[in-house]
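First comes the structure, then the notes that go with it.
The values are calculated or read from the model by the stated rules, or taken from the named source; none is laboratory data. All of these numbers come straight from a predicted model, not from anything done at the bench. Cβ atoms come from the backbone with ideal geometry, glycine included; neighbour counts cover every protein chain shown. The protein model used for the area step is the full one, side chains on, heavy atoms only, and it has no ligands, DNA or RNA in it. Shrake-Rupley method; radii C 1.70, N 1.55, O 1.52, S 1.80 Å.
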Amino acid sequence: QVQLVESGGGLVQAGGSLRLSCAASERIFSINDMGWYRQAPGTQRELVARITSSGSLNYANSVKGRFTISRDNAKNTVYLQMNSLKPEDTAVYYCNAQISRYSWSARSTYWGQGTQVTVSS
């Protein structure tokens, strides 16, 4: 079973930076869209940023100009560079990927286990 393994969360002061990483746990055939979502207590999970296999980008308005998503297709990894962090960015961050595990298999959606990001004021 393919897993998405996340790293890079933690506690940071407002104005600081963090970099999240998410990598597939084994060799796979292809990955289409990859993205990051977040969920704060008592709220619904929301899209933070998304990147297609061709490099097209999509950001939530609340993070535009502060966060940057990128991917390394050779490493099956997606990154989220978060700068100028605010207390309202505090949430559990989840990576998401559309993966075809084998050349003959259909594309499926996979989620990471989540990593906590806490921004103190």
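Numbers at a glance
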| item | result |
| --- | --- |
| Qualifying GluC sites (Glu not before Pro) for segment 1-75 [loop in DSSP, other Cβ within 10 Å: at most 10] | GLU26 |
| Residues listed by number, segment 103-121, amide nitrogen under 17 Å from ALA40 label point at 7 Å toward C-beta | 115-121 |
| Amide H contacts under 5 Å for ASN58, placed H, 5+ residues apart | ARG50 |
| Under the Karplus curve 6.51 cos²θ - 1.76 cosθ + 1.60, θ = phi - 60°, whole-Hz ³J(HN,Hα) for segment 10-25, x wherever Gly or Pro sits | x, 9, 9, 7, 4, x, x, 9, 9, 10, 9, 10, 8, 10, 6, 7 |
| Heavy-atom surface of segment 1-89, accessible at 1.4 Å and reported per residue (Å²) | 54 Å² |
| Whole-percent pair-distance distribution, where bins are 5 Å wide, for the alpha carbons of the chain | 2, 12, 23, 24, 18, 11, 6, 3, 1, 0 |
| Theoretical FRET efficiency, 1/(1+(r/R0)^6), r = Cβ-Cβ of ASN32 and GLN1, R0 25 Å, to 0.05 | 0.85 |
| Stretchable slack from SER62 to TYR102, in nm (0.36 nm times residue separation minus alpha-carbon distance) | 10.8 nm |
| Estimated dipole of segment 13-121 in Debye, rounded to 20 [Cβ of Lys and Arg +1, of Asp and Glu -1, Cα centre] | 140 debye |
| The chain: relative contact order in percent, alpha carbon pairs under 8 Å with at least 6 residues between | 36 percent |
| Signed unit charges on C-beta, dipole axis of the chain, positive-most listed residue ALA106, GLN3, SER17 | ALA106 |
| Under 5 Å, built H, 5+ apart or other chain: amide partners of SER30 | SER100 |
| Probe 1.4 Å, all protein chains present, accessible-area order of TRP36, TRP104, TRP111, largest first | TRP104, TRP111, TRP36 |
| All-pairs alpha carbon distance profile, segment 53-121, 5 Å steps from 0, percent | 3, 12, 20, 25, 18, 11, 6, 4, 1, 0 |
